[in-house]
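Undergrad: This is the structure I want to talk about, given as structure tokens.
The values are calculated or read from the model by the stated rules, or taken from the named source; none is laboratory data. Remember, it's a predicted structure, so these values are computed and weren't measured experimentally. Cβ coordinates were reconstructed from backbone atoms using ideal geometry, including for glycine residues, and neighbour counts include every protein chain displayed.
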């Protein structure tokens with residue numbers, strides 16, 4: 001639930017309209033727009049504004065057709081974005097329709113002056129009167145029905161003919177809040193008891209994961225500041241287990257930021273870790289995460305595809321290659337991705353993934369293992385990428401991963417996001 005009272009809703013709606021306009025009109029990410037001086041909301045409003053933006057962007061694809069059916073004249077810019085945000089909020093909170101309409105009218109005045117009040121009031125009240133036929137009209141196309149771009153729908157349908165609908169529906173939902181329990185310091189059973197004592201309900205997922213019934217601020221998680229738990233999707237948590245870690249190994253976590261998998265590796269075994277990322281600023285988040293956990297890694301800013309710029313010549317026993325990808329498996333956490341990605345992006349990403357995979361293979365020790373990982377559901381970035389690598393490196397061996405589906409693909413569902421994993425072993 002958004003942490004604001006009704007009188008603050010107008011300001012949040014107006015701020016969310018500015019952000020959504022920056023996303024769909026100018027190609028900004030939500031994070032960039034929330035931080036930009038022209039669109040940055042007041043700090044106290046930021047959680048509510050982000051929630052409003054995500055709700056609208058989850059429904060984008062449907063909303064433009066709905067607005068076109070409601071509005072006779074062409075509406076653009078922030079005022080159109082306000083209609084997206086307000087309509088999405090109305091659909092998400094049917095018990096508060098009168099408050100939302102009233103505060104959306106106030107938001108219109110904040111954005112465009114007094115004369116816009118009547119326009120927004122008329123549009124929203126018309127929607128409330130004739131919502132059902134207008135919504136059927138808005139869902140008459142694939143984009144309106146599935147809330148994804150057509151090229152994305154087509155690609156998922158081809159890739160997963162038996163599951164494409166559930167994949168798209170999962171991408172439109174709200175992601176669960178899942179915790180990785182630090183097995184060095186506590187157990188799932190003990191931590192579930194601590195949550196219950198704090199009035200928070202949760203369930204165990206596997207040996208080291210806990211999924212909360214309701215998301216909460218991390219400050220309310222017992223022992224979070226002391227490193228008892230970390231926020232990490234259950235699918236992402238699989239990486240540290242799949243690496244087959246042993247004490248004393250030297251491990252490279254390539255593309256490491258923000259550091260969730262780095263921390264998980266260090267919690268699982270007493271290993272020497274090098275955490276690499278191309279963005280030196282983002283390495284600060286790795287440092288902060290490891291500090292909270294009381295763990296240490298050597299942090300290096302460098303390009304995973306160009307080891308000559310950072311590698312000291314000592315080979316690694318394990319390499320985690322969590323490569324840049326479309327992030328098509330995590331769009332419920334970042335719904336702007338659906339509308340900012342283009343079909344052509346796959347070509348460049350596949351080239352980058354292949355170059356990183358080839359480069360990191362060179363720093364892997366004989367007998368070592370490399371875990372290739374993406375948060376994508378597109379086979380071109382996943383199984384096809386691994387098959388192409390195995391064709392280039394015929395001596396490399398693909399290690400079976402019985403804990404995963406046969407193709408190595410975790411499709412998004414209630415318990416986890418979409419991830420792909422493949423473990424590759426280098427001959428001695």
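Undergrad: For residue 221, indicate whether it is touching a residue at least 24 places away in the same chain (Cβ under 8 Å), in the same structural domain as residue 320 (by TED's automatic domain parsing) and under 24 Å from residue 265 (Cα atoms). Show your work before the answer.
TA: Details: touching a residue at least 24 places away in the same chain (Cβ under 8 Å): yes; in the same structural domain as residue 320 (by TED's automatic domain parsing): no; under 24 Å from residue 265 (Cα atoms): yes.
Taking the combined requirement at face value, the residue does not satisfy it.
Undergrad: Let me ask another. Can you say whether residue 363 is in contact with a helix residue (DSSP H, G or I) (Cβ under 7 Å, 6 or more places away or on another chain), within 17 Å of residue 303 (Cα to Cα), touching a residue at least 60 places away in the same chain (Cβ under 8 Å) and outside the structural domain of residue 56 (by TED's automatic domain parsing), as far as the supplied structure shows? Write out each step before concluding.
TA: On the way: in contact with a helix residue (DSSP H, G or I) (Cβ under 7 Å, 6 or more places away or on another chain): yes; within 17 Å of residue 303 (Cα to Cα): yes; touching a residue at least 60 places away in the same chain (Cβ under 8 Å): yes; outside the structural domain of residue 56 (by TED's automatic domain parsing): yes.
Yes: the conditions hold for residue 363.
Undergrad: Could you grab me the full set of residues in the range 274-305 that are part of a loop (DSSP other than H, G, I, E, B) and in contact with a helix residue (DSSP H, G or I) (Cβ under 7 Å, 6 or more places away or on another chain)?
TA: The answer is 295, 296, 297, 302, 303, 304, 305.
Undergrad: Here's another thing I want to ask about it. Can you name the number of the only condition in (1) outside any helix (DSSP H, G or I); (2) at pLDDT 95 or above; (3) surrounded by fewer than 19 Cβ atoms within 10 Å (Cβ to Cβ) that residue 75 fails?
TA: In the conditions (1) outside any helix (DSSP H, G or I); (2) at pLDDT 95 or above; (3) surrounded by fewer than 19 Cβ atoms within 10 Å (Cβ to Cβ), residue 75 misses (2) alone.
Undergrad: Among the residues that make up the range 16-26, is at least one of them in the same structural domain as residue 84 (by TED's automatic domain parsing) and surrounded by fewer than 16 Cβ atoms within 10 Å (Cβ to Cβ)? Outline the logic, then answer.
TA: Of all residues in the range 16-26, those in the same structural domain as residue 84 (by TED's automatic domain parsing) come to 16-26.
From the residues that got through so far, the ones that are surrounded by fewer than 16 Cβ atoms within 10 Å (Cβ to Cβ) too are 25-26.
Yes, that holds for at least one residue.
Undergrad: Given the residues 249, 201, which is the only one that is assigned by TED's automatic domain parsing to the domain that holds residue 285, in contact (Cβ under 8 Å) with a residue 12 or more places away in the chain and over 20 Å from residue 330 (Cβ atoms)? Quick ask: steps written out before the conclusion?
TA: On the way: 201 fails: assigned by TED's automatic domain parsing to the domain that holds residue 285.
Matching residue, one of 249, 201: 249.
Undergrad: Residues in the range 163-177: is at least one touching a strand residue (DSSP E or B) at 6+ places or on another chain (Cβ under 8 Å) and either under 30 Å from residue 262 (Cβ atoms) or surrounded by fewer than 19 Cβ atoms within 10 Å (Cβ to Cβ) (or both)? Give the derivation first.
TA: Start the filter on the range 163-177 by keeping residues that are touching a strand residue (DSSP E or B) at 6+ places or on another chain (Cβ under 8 Å), which leaves 176-177.
Keeping just the survivors that are either under 30 Å from residue 262 (Cβ atoms) or surrounded by fewer than 19 Cβ atoms within 10 Å (Cβ to Cβ) (or both) gives 176-177.
Looking through the range 163-177, at least one residue is touching a strand residue (DSSP E or B) at 6+ places or on another chain (Cβ under 8 Å) and either under 30 Å from residue 262 (Cβ atoms) or surrounded by fewer than 19 Cβ atoms within 10 Å (Cβ to Cβ) (or both).
Undergrad: Limited to the range 194-205, what total is found for residues that are surrounded by 15 or more Cβ atoms within 10 Å (Cβ to Cβ) and either out of contact with any strand residue (DSSP E or B) (no Cβ under 7 Å at 6 or more places or on another chain) or part of a helix (DSSP H, G or I) (or both)?
TA: 2
Undergrad: Quick check on residue 34: is it part of a helix (DSSP H, G or I), at pLDDT 95 or above and under 26 Å from residue 136 (Cβ atoms)? Talk me through it step by step, then tell me what you get.
TA: Details: part of a helix (DSSP H, G or I): yes; at pLDDT 95 or above: yes; under 26 Å from residue 136 (Cβ atoms): no.
Here the answer is no, as residue 34 does not meet what is asked.
Undergrad: Next up: Modelled with pLDDT of 95 or more, out of contact with any strand residue (DSSP E or B) (no Cβ under 7 Å at 6 or more places or on another chain), assigned by TED's automatic domain parsing to the domain that holds residue 258 and crowded, with 20+ Cβ neighbours inside 10 Å, is that true of residue 290? Quick ask: steps written out before the conclusion?
TA: On the way: modelled with pLDDT of 95 or more: yes; out of contact with any strand residue (DSSP E or B) (no Cβ under 7 Å at 6 or more places or on another chain): yes; assigned by TED's automatic domain parsing to the domain that holds residue 258: yes; crowded, with 20+ Cβ neighbours inside 10 Å: yes.
Criteria met by residue 290.
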